[in-house]
Amino acid sequence: MSTPLKFYQVGSFAVGNRLLTDEERSTQSSPDRVNALTSGHRACQGCGEALGARYVLDTAMAVTGGNVMAVNATGCLEVFSTPYPETSWRIPWLHSLFGNAAAVATGVAAALKSQGKTDIRVIAQGGDGGTVDIGFGPLSGMFERNDDVLYVCYDNEAYMNTGVQRSGATPPAARTNTSHASGEQPGASFNQGKFLPLIAMAHHIPYVATATVADLHDLEAKVKKAMSYRGARYLHVLVPCPLGWGSRSDETIQLSRAAVESGLFPVFEAEHGVITETKKIRRRIPVDEYLKPQKRYAHLFGANGRSDLVEALQKIADNNIRQYHLLEEGEQ
């Protein structure tokens with residue numbers, strides 16, 4: 001994880017690049033960045049996935065001197081970036097099926113190795129549906145074999161491309177088109193789904209990390225670190241979806257930050273199955289500050305709200321804070 005940069009600016013957590021040395025500045029601040037995912041794509045306004053993919057691939061390209069090949073699962077990122085016969089990708093890029101991006105990337109890495117092209121690195125990309133659910137088997141196989149691939153999951157917490165259906169990464173109580181906001185237990189059920197970073201860690205692969213699009217320096221630092229390893233690596237990036245979350249297009253960064261500051265999305269790094277670094281919460285907030293701007297949680301508030309479910313979500317956040325040691329020592 002990168003060295004924390006602390007700027008005390010009223011009302012903002014922004015880091016102005018003009019205040020940093022060249023070594024500390026982000027890849028995105030450089031006029032020489034690749035723009036791996038360039039203009040012309042058809043992502044929704046405020047799409048966190050488009051931001052995340054550009055940040056990740058531009059950083060990987062910078063670290064490797066442009067020697068990157070990407071394999072992309074079917075999903076939002078593939079659909080909005082490659083409307084036939086056009087593409088917004090400016091790197092070698094392959095489209096796989098919904099569930100086999102990890103397997104295809106493994107084959108690409110094996111082919112490059114057989115040709116002696118060890119300088120070319122492979123990145124696989126998928127959404128939470130294609131990673132946590134449909135692509136879970138091939139991904140676990142990639143981890144077991146320790147294939148030399150960085151797999152990046154852009155987690156918007158549902159199947160957004162096919163109509164906002166629940167995935168294994170959809171959080172409890174969230175409304176989707178298959179987890180309706182009605183009945184005794186509205187929204188997605190509690191105690192279901194999976195947090196894939198922990199499953200990746202259970203494979204004892206060289207590197208696992210979580211990140212968000214709210215902290216560009218942290219995300220870029222983790223991509224750089226991931227690319228310094230050989231073998232299987234996994235990066236899980238939270239990418240809010242204005243369409244599926246029912247949020248404003250200008251709230252993507254704020255919601256990413258609020259997910260972390262509430263404790264609902266822990267940000268950490270792990271090496272060989274052991275957590276080595278956690279991102280401490282800078283300004284702790286109650287979970288309702290994160291939930292209220294999202295229409296997928298609207299049924300929890302108002303005259304007929306469900307304060308009991310809000311309290312249950314708060315308990316999940318509190319448990320994350322304890323489990324991952326997200327507060328500085330002595331803070332409550």
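The values are calculated or read from the model by the stated rules, or taken from the named source; none is laboratory data. Only a predicted model underlies this, so the values are computations on that prediction, with no experimental measurement involved. In this analysis, Cβ positions are derived from the backbone assuming ideal geometry, glycine residues included, and neighbour counts consider all displayed protein chains. Each accessible area value is taken on the protein alone, full model and side chains, heavy atoms only, with ligands, DNA and RNA left out. Shrake-Rupley method; radii C 1.70, N 1.55, O 1.52, S 1.80 Å.
Numbers for the structure displayed
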item: Within region 257-332, GluC sites (Glu not before Pro) in DSSP loop having at most 12 other beta-carbon neighbours inside 10 Å; result: E328, E329, E331
item: Mean-position separation - Cα centroids, region 284-332 and region 221-248, in angstrom; result: 22
item: Convex hull of Cα atoms in the chain, direction-averaged projection (nm²); result: 17.0
item: Straight-distance crosslink candidates among aspartates and glutamates, where the alpha carbon sits under 18 Å from K315 and sequence neighbours closer than 8 are dropped; result: E261, D288, E289, E331
item: Qualifying trypsin sites (Lys or Arg not before Pro) in region 266-332, DSSP loop, other Cβ atoms within 10 Å at most 11; result: R283
item: Mean Cα-pair separation over length for the chain, i.e. relative contact order, pairs under 8 Å, 6 or more apart, %; result: 16
item: Efficiency of FRET from Cβ geometry, Q165 and K315, R₀ 22 Å, rounded to 0.05; result: 0.25
item: Cα pair count fraction exceeding 24 Å, expressed as % - region 157-312; result: 37
item: Residue with peak Gaussian network fluctuation, the chain [Cα springs, cutoff 10 Å], from P197, P293, P31; result: P31
item: In degrees, nearest ten, helix 307-323 long axis to first principal axis of the chain (Cα); result: 50
item: Computed FRET value (nearest 0.05) for K292 with H180, which takes r as the C-beta separation and R₀ as 25 Å; result: 0.80
item: C-alpha long axis of helix 136-145 to longest principal axis of the chain, angle in °; result: 50
item: Using alpha-carbon coordinates, inclination of helix 252-262 to the longest axis of the chain, degrees; result: 70
item: Entries of K194/K222; K222/K295; K194/K279; K194/K295; K117/K222; K225/K280 with Cα pairs more than 27 Å apart; result: K222/K295
item: Near-label residues of region 51-88 by backbone N, under 17 Å of a point 7 Å along Cα→Cβ of L243; result: 51-53, 73-84, 88
item: Summed residue charge, Cβ within 14 Å of Y159's Cβ, Lys/Arg positive, Asp/Glu negative; result: -3
item: Approximate spin-label separation E251-R284, in nm, with each point projected 7 Å along Cα-to-Cβ; result: 2.4
item: For the chain, the longest site-free run once chymotrypsin sites (Phe, Trp or Tyr not before Pro) in DSSP loop states with at most 12 other Cβ atoms within 10 Å are removed; result: 9-332
item: Low-density loop cleavage sites - GluC sites (Glu not before Pro) in region 48-156, where at most 12 other Cβ are within 10 Å (DSSP); result: E86
item: Region 161-315 - charge dipole about Cα centre, Lys and Arg +1 at Cβ, Asp and Glu -1, debye rounded to 20; result: 180
item: S30 accessible area, assembled protein chains, probe 1.4 Å, Å²; result: 40
item: Among beta bridges that DSSP assigns inside the chain, antiparallel share in %, nearest 5; result: 30
item: Relative contact order (%) - region 255-332, alpha-carbon pairs under 8 angstrom, separation at least six; result: 35
